[in-house]
Amino acid sequence: MKTIVKMIAIAIAVCVGIGANAQNHTKEQSKALQTATIKVNGNCSSCKTRIEKAAHVAGAKKAEWNESTKDLTVVFDPIKTSVDAIEKKIASVGHDNEKYQADDKTYNALPGCCKYR
């Protein structure tokens with residue numbers, strides 16, 4: 001009987017230890033994430049979708065573009081991506097930003113409602 005009680009106590013201790021370790025890992029990961037705000041040109045909800053999708057493809061964990069302020073707020077892991085990489089990707093889908101300008105061919109292919117120049 002004592003052996004069973006000891007085994008149960010060990011199993012509980014192992015489960016609690018694993019749970020605590022997983023929780024610490026999540027806290028460490030969230031500390032590593034960075035937030036940045038980037039000015040990105042665009043006009044409408046189609047632009048919003050395209051800009052946010054490009055940011056996610058570039059590695060952003062979260063991306064939110066505000067149509068009125070033209071601010072894109074991104075949350076990202078700097079080990080996996082950078083603001084520069086996100087800005088490049090956004091320009092590659094047709095949206096000028098603080099650092100990169102979309103090429104004319106890509107910009108001209110945007111729907112009429114999305115043209116901001």
message: On the principal axes of its Cα set, how long, how wide and how thick is region 28-117? Give whole Å, largest value first.
response: 44, 23, 18
Cα→Cβ-extended label distance, 7 Å offset, between Thr69 and Leu33, nm: 1.8 nm
query: When the solvent-accessible surface of protein heavy atoms is calculated with a 1.4 angstrom probe, in what order do Val57, Val40 fall, highest first?
result: Val57, Val40
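Quick check: residue separation of Lys115 and Lys99 times 0.36 nm, minus the Cα distance between them. What number comes out in nm? Mind dumping the intermediate values first?
Numbers: separation 16, 0.36 × 16 = 5.76 nm, distance 1.85 nm.
Length gained between Lys115 and Lys99: 3.9 nm.
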- line: Checking rank on 42-51, 88-97, with mean other Cβ inside 10 Å and highest first, the result is 88-97, 42-51
message: Run the numbers for Ile79 and Asn108: contour at 0.36 nm per residue of separation, minus the present Cα-Cα distance, in nm.
response: 7.0 nm
- request: Keeping every protein chain in place, order Asp77, Asp103, Asp84 by accessible area at 1.4 Å, biggest value first, i.e. largest first.
  value: Asp103, Asp84, Asp77
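The values are calculated or read from the model by the stated rules, or taken from the named source; none is laboratory data. If you're wondering where the values come from, they're calculated on a predicted model, not measured in any experiment. Because the Cβ atoms are built from the backbone with ideal geometry, glycine has one as well, and the counts that use them run over all protein chains shown. Only protein heavy atoms, including side chains, enter the accessible area calculation; ligands, DNA and RNA are left aside. Shrake-Rupley method; radii C 1.70, N 1.55, O 1.52, S 1.80 Å.
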